[in-house]
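Presented below is the structure to which this report refers.
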Amino acid sequence: MSGSLPRLPPSAASLGPALRGGDVARAILLGLALFGIAFLVLRELAAGVTTVGTRINYLLAYFAAWCFSWLAAIWFVFVRGRGMSFADLGYTIPPRLWAARGVMFAFGALPIAYALLALLRPLLDIKTGASLQQYFGGPDFTLIHAAAVLLYGGFLVPLAEELLFRGLIFRWLRQRLDFWPAAVISAGAFGLAHIRFDQMVIAGLLGLPLAWLYEKSHSLAPAILMHQTYNSLVLMLTFAVVWLPPGGGWYPVS
């Protein structure tokens, strides 16, 4: 798997240097191992936790473990191991138009995602109110907690996930397949990384425009901006669900 680099088709060569399949596999396995170890440790430490403040601290620790496991794995295999830069992996500065498109795509995707959730959750009998209160309800959840969740869930996690799912998985597939097969497979992997079925569906669908932005702009930055903007908007709406008085206001995810 880790032999000579493949000859890239012209449409894929614009994404940057070719990636070895063995390197991609090693980065994925290393990232899974690092996060698996962190997950087991945190789950043991979090056993029996009942207060909202402590739960949110462990949620932040899970976010941090997920994010830095992938960044560390990608750095170890590609930056340290292959001498590549993050620019080689797609993190370059795009024209402003593409950066603006990434943000606008997020605003366009949000109402579509909520409409799909409104259809899926009754069919799947999924209720979110209790889980929201478990993490974000009560006086223990402060503005500092909200800012920390927004930092990790809204900014750092999307950065790590775009490097993984678009910068590695989609790009490696794109070296061998046309755009749509590569986009669909990488979007499916992105969806499977989420927990509940409704989240899998939404994440899988979001993976398609994220791959398109990377393909057309030749940079991960527009996809990262779309992902960051979308996650940040969802988190801020989630905070509003918990903080608005019961029976008053808009509850978009209930």
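The values are calculated or read from the model by the stated rules, or taken from the named source; none is laboratory data. What you are looking at is a predicted structure, and each value in this text was computed from that prediction instead of being measured. Quick reminder, even Gly has a Cβ in these numbers, built from the backbone with ideal geometry, and neighbours come from all protein chains shown. What goes into the accessible areas is simple: the full protein's heavy atoms, side chains included, and nothing from ligands, DNA or RNA. Shrake-Rupley method; radii C 1.70, N 1.55, O 1.52, S 1.80 Å.
Against the list (1) at pLDDT below 95; (2) among the hydrophobic types (A, V, I, L, M, F, W, C); (3) open to solvent by 20 Å² or more (accessible area, probe 1.4 Å), the condition PHE141 fails is (3).
The set of residues in segment 30-68 that are more than 27 Å from THR142 (Cα to Cα) and touching a residue at least 40 places away in the same chain (Cβ under 8 Å) comprises LEU30, GLY31.
Residue by residue, here is whether (1) closer than 18 Å to GLU162 by Cβ; (2) of a type in the set (Gly, Ala, Ser) holds:
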site: ARG20; (1), (2): no, no
site: GLY31; (1), (2): yes, yes
site: TRP70; (1), (2): yes, no
site: PHE105; (1), (2): yes, no
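Contact map, segment 70-99: residues that are assigned to a helix (DSSP H, G or I) paired with residues that are open to solvent by 70 Å² or more (accessible area, probe 1.4 Å), Cβ distance under 6 Å, separation 6+ or inter-chain. Pairs shown: VAL77/ARG26.
Return yes when LEU110 is assigned to a helix (DSSP H, G or I) and either farther than 25 Å from GLY204 by Cβ or free of Cβ contacts under 8 Å to residues at least 12 places away in the same chain (or both) and no when it is not. When the stated conditions are applied, LEU110 does not pass them. May I ask you to list pairs of residues, at least six apart or on different chains, whose Cβ atoms are under 9 Å apart, with the first in segment 139-163 being within 13 Å of PHE239 (Cβ to Cβ) and in a helix (DSSP H, G or I) and the second being at pLDDT 90 or above and of a type in the set (S, T, N, Q)? Within 9 Å, the pairs are LEU150/ASN231; LEU150/SER232; GLY153/ASN231; GLY153/SER232; GLY154/GLN228; GLY154/THR229; GLY154/ASN231; GLY154/SER232. Reported count of residues in segment 192-227, each being open to solvent by less than 30 Å² (accessible area, probe 1.4 Å) and in a helix (DSSP H, G or I), is 18.
Residues that are open to solvent by less than 30 Å² (accessible area, probe 1.4 Å) and farther than 30 Å from GLN175 by Cα within segment 30-46 comprise ALA38, LEU42, ALA46, listed in sequence order. Only a single item in (1) in a loop (DSSP other than H, G, I, E, B); (2) at pLDDT below 90; (3) open to solvent by less than 40 Å² (accessible area, probe 1.4 Å) is not met by LEU59, and it is number (1).
Is it fair to say ARG176 is over 23 Å from ILE74 (Cβ atoms), at pLDDT below 95 and basic (Lys, Arg)? Let's see the steps before the verdict.
Working: over 23 Å from ILE74 (Cβ atoms): no; at pLDDT below 95: yes; basic (Lys, Arg): yes.
Considered against the rule, which asks whether it is over 23 Å from ILE74 (Cβ atoms), at pLDDT below 95 and basic (Lys, Arg), ARG176 comes out as no.
Checking ALA27, ALA72 one by one, the residue that is surrounded by 19 or more Cβ atoms within 10 Å (Cβ to Cβ) and either modelled with pLDDT of 90 or more or among the hydroxyl-bearing types (Ser, Thr, Tyr) (or both) is ALA27 and no other.
Quick grid of which residues meet (1) at pLDDT below 70; (2) surrounded by fewer than 22 Cβ atoms within 10 Å (Cβ to Cβ):
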| residue | (1), (2) |
| --- | --- |
| LYS127 | yes, yes |
| PHE136 | no, no |
| ALA148 | no, yes |
| ARG171 | no, no |
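Condition check: over 26 Å from PHE239 (Cβ atoms) and at pLDDT 95 or above. Does ALA106 satisfy that? No; evaluated as a whole, the condition is false for this residue.
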